[in-house]
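Below is one structure; the comments refer to it alone.
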Amino acid sequence: MQTMENTDVKQQSTDNLKPELIDPFGRRIEYLRLSVTDKCNLRCFYCMPEHYKDFEQPDNWLTFDEIERVIKAFTELGVARIRLTGGEPLVRKHLPELASKLHALPGLEDLSLSTNATLLGKQADALYQAGVSRINVSLDSLRPDRFRQITGGELQPVLDGLIAASHAGFRPVKINMVAMRGINDDEFEDMVEFCLQHDFTLRMIETMPIGDTGRNASDHYLDLQQVKQRLAERYELIPGVMPGGGPARYVQVKGTDLRIGFITPISQHFCETCNRVRLSVDGTLYMCLGQDDKMELRPLLRNGISDDELKQAIITAIARKPEKHEFNNRPEQVVRLMNMTGG
Ligand code: SF4
């Protein structure tokens, strides 16, 4: 296991080689999902309870300067991909300001965003100008009534947000659709046609038992291997590739530019190639979406930790990264809700 413990060795390598964060299973950690808020203006039933109010206190939120310090440390350890997530990241005020701070960091090569797009209409240009290049939009239905049933919100602002994202220049624009039996499984072909029409990329995601809401949603679990077979009856699917550090396995619709990605944590997990960790709004570093292993960076930051000590703390944390999730055999494992870390 190669970590900063053998600081001497790393110092030498840092001079002329890109530093690397390697976890106990030999996986290189190069991607951080940064949750800038646990708040959201929607209530997707598989993520957050309808009347949920137990959000993190603003005093415990990492400030933009603290976030910048932590991300700087990660980039100096070889983490070059940062994704802004939530809750809904666009409810955090002045997000373009944070995006441009992070985009200016020397080691950061890719700054992306996951959003429900309801607020994107007004913020797309500013985020694009600030350096966010790629965007994923959650969209589980194209039917206003069903969208309201799933999220508690309105569909039209999301469609307006998608148009604004295309106009602003985001490429690619990816649609994240959670596949749910008995909820939206009669819309998969419609969503493929929608993405074909608008030159979006489609990513289909299996439900995960994250929190009670996630476990309830598992009642609608759908094995995406079956969905892929169903789509193959209508579309000629060929192997496809897509830029980005995510876990999706892509196919392409022959004769088109449409890529469809399948994110299958339950039916075919991808933990052996895991390359990411997550930082929540209160500065807690989670080593795995499916486990509770974590390290609280906020107390360290507010107790005057040095930059080198901060990097050492991150390395110590990565040394605790678990091998994989246990969604299948211990679905009760993860108590926290999805809005705390973003997917
Ligand atoms: S469940 Fe954990 S180990 Fe598996 S891919 Fe996700 S973060 Fe990585």
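The values are calculated or read from the model by the stated rules, or taken from the named source; none is laboratory data. Quick caveat: nothing in here was measured; it's all calculated off a predicted structure. A quick note on method: Cβ atoms are made from the backbone with ideal geometry, for glycine too, and the neighbour counts reach across all protein chains shown. Accessible surface is based on the protein model in full, side chains and every heavy atom, while ligands, DNA and RNA are left aside. Shrake-Rupley method; radii C 1.70, N 1.55, O 1.52, S 1.80 Å.
General remarks:
- The listed residue being open to solvent by 10 Å² or more (accessible area, probe 1.4 Å) and part of a strand (DSSP E or B), out of Arg215, Arg203: Arg203
- The single condition from (1) open to solvent by less than 20 Å² (accessible area, probe 1.4 Å); (2) in a loop (DSSP other than H, G, I, E, B); (3) more than 28 Å from Cys195 (Cβ to Cβ); (4) out of contact with any Phe, Trp or Tyr (no Cβ under 9 Å at 6 or more places or on another chain) that Phe327 fails is (3).
- Within the range 323-338, the set of residues being at pLDDT 85 or above, in contact with a Gly (Cβ under 8 Å, 6 or more places away or on another chain) and within 13 Å of the ligand (Cβ to nearest atom) comprises Lys324, His325, Glu326, Phe327, Met338.
- Residues that are open to solvent by 10 Å² or more (accessible area, probe 1.4 Å) and more than 25 Å from Asn328 (Cα to Cα), drawn from the range 181-199: Asp186, Glu189, Asp190, Glu193, Phe194, Leu196, Gln197, His198, Asp199
- Qualifying residue in the range 3-24 (condition: modelled with pLDDT of 95 or more, out of contact with any strand residue (DSSP E or B) (no Cβ under 8 Å at 6 or more places or on another chain) and not β-branched (Val, Ile, Thr)): yes
- Filtered residues of the range 20-41 (kept if within 16 Å of Glu272 (Cα to Cα), open to solvent by 20 Å² or more (accessible area, probe 1.4 Å) and part of a loop (DSSP other than H, G, I, E, B)): Pro24, Phe25, Gly26, Glu30
- In the range 292-322, the qualifying residues are those that are part of a loop (DSSP other than H, G, I, E, B) and open to solvent by 30 Å² or more (accessible area, probe 1.4 Å), and the one that is farthest from the ligand (Cβ to nearest atom) is Gly304.
- Residue in the range 281-291 that is farthest from the chain's Cα centre (by Cα), counting only those that are open to solvent by 10 Å² or more (accessible area, probe 1.4 Å) and within 6 Å of the ligand (Cβ to nearest atom): Cys288
- Residue that is farthest from the ligand (Cβ to nearest atom) [pool: residues in the range 265-280 that are β-branched (Val, Ile, Thr) and surrounded by fewer than 21 Cβ atoms within 10 Å (Cβ to Cβ)]: Ile266
- The condition (being in contact (Cβ under 8 Å) with a residue 40 or more places away in the chain and over 30 Å from Glu272 (Cβ atoms)) is satisfied by just one residue among Gly169, Gly131: Gly169.
- For the range 89-117, a residue qualifies if it is part of a loop (DSSP other than H, G, I, E, B) and surrounded by 24 or more Cβ atoms within 10 Å (Cβ to Cβ), and the qualifying residues are Asn116, Ala117.
- Filtered by the rule that a residue be small (Gly, Ala, Ser) and either part of a strand (DSSP E or B) or surrounded by 24 or more Cβ atoms within 10 Å (Cβ to Cβ) (or both), the range 77-88 gives Gly86, Gly87.
- Taken over the range 201-258, the residue count meeting the criterion of being charged (D, E, K, R), within 16 Å of the ligand (Cβ to nearest atom) and without any contact (Cβ under 8 Å) to a residue 40 or more places away in the chain is 1.
- Hey, Cys44 part of a loop (DSSP other than H, G, I, E, B), touching a Ser or Thr at 6+ places or on another chain (Cβ under 8 Å), farther than 25 Å from Val79 by Cβ and among the hydrophobic types (A, V, I, L, M, F, W, C) or not: yes
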